[in-house]
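Q: Before I ask anything, here is the structure I am working with.
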Amino acid sequence: MRLETTTVASVRSAGSSALRWAAPALLGYAAVRAVGVLTLVLWSPGPRPGPGGGTGGGLSRLATFWDAFWYRSLAVHGYAGTPPVPGPHGLYQPYAFFPAYPLLVRAVPGLPVGAAVLLVTWAASLAAAWGIFAIAARLYGRRAGVIAAVLWGVLPYAVVESAAYSEALFTALAAWSVHAAIRRWWVWSGALSLLAGLTRPTGVALAGAVCCAALWEFARRRGGRRALLGCALAPLGFLGYVAWVGLRLHRWDGYFRVQDAWESHVDFGRSTFYAFKRLLMAGGPVWLTDAVVALVLVAAVVLFALSLLQRQPPVLLLYSAAMLALALGDAAYFNSRARFLLPAFGLLLPLAAGLARIRSRAALYLLLGSAAVVSAAYGGYVVFVYPDAP
């Protein structure tokens, strides 16, 4: 009994120390996201685009617009009780959405679903910011870690981190899985990758990175059986869900056929090339979102090159490369590409390390504060003005 009490006390002490170490990052992240959410609350609401129609203020919009419609329905009714919705390229089916996020929402006791989806998202976004801080602080120091967490909160599509979408949960699982891999905690890394694979289809990118890093360690006779076990666990979430959908739809490629309604398939960058071509050669006005997404993609390529020069750990580079390849190589709706890159936190580390060298706190606060205001304004534009999904 005394040993157990001592162990529990040690764990609590370690957790308290870790929280104090990460506190500036969590507070900074919460502050910039509060600016974004408050902007939406104060924004004059109009008719809500997306499934379900209706109107609502900022918080209501965050809990209901576009993909949030599907996650809410899955949390309440499950896959069997969520009917398909007709679309221009076929039926939009609930099987396109992975189960981890709606299951967590369903597990929240005593709250209406609109509050539960935001509670899960906001808690997951803080866990993600903590994971991003932990990686950056370990590699480049505490100051860089704090800046990396704040940068994640002021990205152009950071509004999604506060909405009823699964990106925040996926980013949290991915960040801590990568952190565990960097620490060579292979079983933990594989288990978290498994959960990430039940959260979003991009779990395949994380699983590939963890598996490659674990196998490399095993080949070097450093990881042992734990590396092999981590590698075995990592892809099971994604593969398990895809197999389950195949069984439900009575065809092995059922999940991929479901994605056809969203025109989501690998075309090795062809649609991305033509989207850039249309944007550059457009004779008339274009949506602001088109230009922003294009700039995000170009910046992501440049930041990945800087990540290589920065000599980030192999697992982090592999994960960033896979996420970037999926964003550029998928034929899905062009304006979703920047959102797909939200979990690619490794791309922020060269910028965070560079900003950490700024000696003037006032200059750094002004820069990050200005970015928070711009991100908040753009988030309002995406939610209230732009007629399509982010």
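Q: Quick one: putting +1 on the C-beta of Lys and Arg, -1 on the C-beta of Asp and Glu, what dipole do you get for the chain around its Cα centre, in Debye to the nearest 20? Before the final figure, lay out the partial values.
A: Working: 31 positive and 12 negative charges, 276 e Å.
In debye, rounded to 20, the chain gives about 1320.
Q: Which FRET efficiency value, to the nearest 0.05, is calculated for residue 325 and residue 278 with the Förster distance at 22 angstrom and r the Cβ-Cβ distance? Don't skip to the answer; put the middle values down first.
A: Working: r = 22 Å, r/R0 = 0.99.
Step by step, r from the Cβ atoms, then E = 0.50.
Q: If I model a spin label at residue 221 and residue 266 as a point 7 Å from the Cα along the Cα→Cβ vector, what separation in nanometres do I get?
A: The modelled label-to-label distance comes out at 3.5 nm.
Q: Here is a further query. Given the alpha-carbon gyration tensor of region 35-184, what are the semi-axes of its equivalent ellipsoid in whole angstrom, ordered largest first, with each equal to the square root of 5 times an eigenvalue?
A: On the way: eigenvalues 176, 74, 37 Å².
The equivalent ellipsoid of region 35-184 has semi-axes of 30, 19, 14 Å.
Q: Using the per-residue mean of other Cβ atoms lying within 10 Å as a proxy for protection, in what order, highest first, do the peptides 335-345, 99-109, 224-234 fall? Kindly include the intermediate steps, with their values, before the conclusion.
A: Working: 335-345: 23.9, 99-109: 18.4, 224-234: 20.5.
Most protected by this proxy first, the peptides run 335-345, 224-234, 99-109.
Q: Continuing with this model, one more query. Taking the Cβ of residue 117 as the centre, find all other residues whose Cβ is under 14 Å away and add up their charges (Lys, Arg: +1; Asp, Glu: -1). Mind dumping the intermediate values first?
A: On the way: positive: 61, 72, 106; negative: 67, 161, 167.
Local net charge: 0.
Q: Let me ask something else about it. Would you list 132, 147, 182 from fewest to most Cβ contacts within 10 Å? Provide the component values of the computation, followed by the final result.
A: Numbers: 132 32, 147 29, 182 19.
Fewest to most other Cβ atoms nearby, the residues stand as 182, 147, 132.
Q: Step through the residues of region 225-234 one at a time and calculate ³J(HN,Hα) from phi using the Karplus curve (6.51 cos²θ - 1.76 cosθ + 1.60, θ = phi - 60°), rounding each to whole Hz and writing x for Gly and Pro.
A: Those phi angles translate into 5, 5, 5, 5, 5, x, 5, 5, 6, 3 Hz.
Q: Pull out the extension gain between residue 299 and residue 358, defined as 0.36 nm times the separation in residues minus the alpha carbon to alpha carbon distance; nm, one decimal. It would help to have the intermediate numbers written out before the result.
A: Working: separation 59, 0.36 × 59 = 21.24 nm, distance 2.11 nm.
Between residue 299 and residue 358, full extension yields an extra 19.1 nm.
Q: As a test of the formula, what do you get for the chain when each DSSP H run with n ≥ 4 contributes -39,500 (n - 2.57) and the sum is divided by the residue count, at 222 nm and rounded to the nearest 500 deg cm²/dmol? Mind showing how you got there, number by number?
A: On the way: 18 runs with 261 residues, N = 390.
After summing the helix terms and dividing by the residues of the chain, the value is -21500 deg cm²/dmol.
Q: If you don't mind, another one. So what is the relative contact order of the chain, in percent, for Cα pairs below 8 Å that sit 6 or more residues apart? Don't jump to the answer; show the numbers that get you there.
A: Numbers: 610 pairs, mean separation 78.4, N = 390.
Relative contact order, the chain: 20 percent.
Q: Right, here's the next one. If I histogram all Cα-Cα distances within the chain using bins 10 Å wide from 0, what percent of pairs lands in each bin?
A: 5, 22, 34, 27, 10, 2, 0, 0
Q: While we're here: How much net charge surrounds residue 276 when only other residues with a Cβ under 15 Å from its Cβ are counted (Lys, Arg +1; Asp, Glu -1)? Intermediate values should be presented prior to the final figure.
A: On the way: positive: 270, 277, 278, 337; negative: 267, 290, 330.
Residues near residue 276 contribute +1 overall.
Q: How high is the FRET efficiency from residue 252 to residue 308, r the C-beta distance, R0 41 Å, rounded to 0.05? Provide the component values of the computation, followed by the final result.
A: On the way: r = 37 Å, r/R0 = 0.90.
Step by step, r from the Cβ atoms, then E = 0.65.
Q: Something else about it: Could you order peptides 134-143, 316-325 by the average number of other Cβ atoms within 10 Å of their residues, highest first? Spell out each step's value before the answer.
A: Values: 134-143: 20.1, 316-325: 22.0.
Listed from highest to lowest mean packing, they are 316-325, 134-143.
No value in this document is a laboratory result; all are computed from the given coordinates. In this text, all values refer to a predicted model and were calculated from it rather than measured experimentally. Methodologically, a virtual Cβ is constructed for each residue, glycine included, from the backbone with ideal geometry; neighbour enumeration extends over all protein chains shown.
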